[in-house]
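Here is the structure we will look at.
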Amino acid sequence: LKVSLVVEQSPNVVLITDVQGNIQYVKPRFTLITGYTREEAIGKNPRILKSGKTPPEVYKRLWWTITSGVEWRGEFCNKKKNGELYWESAFISSIKNAEGDITHFIAIAEDITRRRHDEERIHQLAYYDALTGLPNRALYNDRLLLALAHAQRTKEMLAVLFLDLDKFKDINDALEHSIGDQLLKTVAGRLTDSVRKEDTVTRLGSDEFTLLLPGMV
């Protein structure tokens, strides 16, 4: 009874399947997070939550691990009943009988969507320009070093172009800064549309841009 209460009141999702992976038990929090009721989940495979965003290799490695009797930890990008995506951190292990045979699998999972979004936001702020969405100086430096190393190794040509906007200060002084911001975003968009997929357009700051063009003949 105490164990049952602990499971039911745990802040994590708890899911138990048979050896074929068919769901036999879910706690109420499963419904709260996924939108699937207990009745809709029982008898189904957890693949009802697959979003297509998690590589198939992850599931293959997971299944091989737990059927070998080894614990597995990892993260999934899952899909709720309403189609909304969410991130989940999961711990999955086997349940064995007295003879050591696997009879069930148990998954204890946590919704980490907010944490992932926070991490993505921090990454965005660290490596991308807030106004134009282009890579910033930090990301440009990383990509330049990689491109230089690749060019040296393959003997391919690498082009680096520096651009700035003439009289941009005059535009900001004569008009509102919002007009200057719109001009920068327009220039960023046109530069991005003018290069290849493997090229990098960067805003270094103010009205300064760079184009990193690897693999030039």
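The values are calculated or read from the model by the stated rules, or taken from the named source; none is laboratory data. Computed from a predicted structure; not experimentally measured. Every residue, glycine as well, gets a Cβ built from its backbone with ideal geometry; the counts of neighbours run over all protein chains shown. The area values use the complete protein model at the heavy-atom level, side chains included, leaving out ligands, DNA and RNA. Shrake-Rupley method; radii C 1.70, N 1.55, O 1.52, S 1.80 Å.
So how many residues does segment 190-212 have that are out of contact with any Asp or Glu (no Cβ under 6 Å at 6 or more places or on another chain), not in a helix (DSSP H, G or I) and not polar (S, T, N, Q)?
So the count comes out to 11.
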### Given (1) touching a helix residue (DSSP H, G or I) at 6+ places or on another chain (Cβ under 9 Å); (2) not in a loop (DSSP other than H, G, I, E, B), number of the condition T132 does not satisfy
(2)
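Conditions (1) within 14 Å of A107 (Cα to Cα); (2) modelled with pLDDT of 95 or more; (3) open to solvent by 30 Å² or more (accessible area, probe 1.4 Å), marked per residue:
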| site | (1), (2), (3) |
| --- | --- |
| R29 | yes, no, yes |
| Y36 | no, yes, yes |
| E40 | no, yes, yes |
| K44 | no, yes, yes |
| R47 | yes, no, yes |
| P55 | no, no, yes |
| W72 | yes, yes, no |
| K79 | no, yes, yes |
| E84 | no, yes, yes |
## Note on the structure
Restricted to segment 1-23 and to residues being open to solvent by 90 Å² or more (accessible area, probe 1.4 Å) and of a type in the set (S, T, N, Q), the residue modelled with the highest pLDDT is Q20
### Message
Just to be sure I understand the filter: pairs with C-beta atoms under 8 Å, separated by 6 or more residues or on different chains, first member in segment 123-141 and closer than 21 Å to K197 by Cβ, second member among the polar types (S, T, N, Q) and surrounded by fewer than 17 Cβ atoms within 10 Å (Cβ to Cβ). Which pairs pass?
### Response
L134/T192
### Summary
Restricting attention to segment 190-211, the residues that are under 12 Å from L131 (Cα atoms) and either loosely packed, with under 12 Cβ neighbours inside 10 Å or free of Cβ contacts under 8 Å to residues at least 24 places away in the same chain (or both) number exactly 1
### Query
Restricting attention to segment 164-189, which residues are under 13 Å from G133 (Cβ atoms) and not small (G, A, S)?
D181, L184, K185, T186, V187
### Task
Taking S51 as meeting all but one of (1) within 13 Å of the chain's Cα centre (by Cα); (2) open to solvent by less than 60 Å² (accessible area, probe 1.4 Å); (3) free of Cβ contacts under 8 Å to residues at least 24 places away in the same chain, write down the number of the exception.
(3)
## Note on the structure
In segment 159-189, anything in contact (Cβ under 8 Å) with a residue 12 or more places away in the chain and outside any helix (DSSP H, G or I) is listed as A159, V160, L161, F162, L163, D164, L165
### Message
open to solvent by 90 Å² or more (accessible area, probe 1.4 Å), farther than 24 Å from W63 by Cα, touching a strand residue (DSSP E or B) at 6+ places or on another chain (Cβ under 9 Å) and not polar (S, T, N, Q): is that true of R121 in this structure?
### Response
no
### Task
Scan (1) open to solvent by less than 100 Å² (accessible area, probe 1.4 Å); (2) at pLDDT 90 or above for the single condition D181 breaks and write down its number.
(2)
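Name every residue in segment 136-160 that is closer than 17 Å to S206 by Cβ and open to solvent by 60 Å² or more (accessible area, probe 1.4 Å), in order of residue number. I'd like the intermediate steps shown before the answer.
Of the residues in segment 136-160, the ones closer than 17 Å to S206 by Cβ are 136-138, 140.
The answer is R137, and nothing else.
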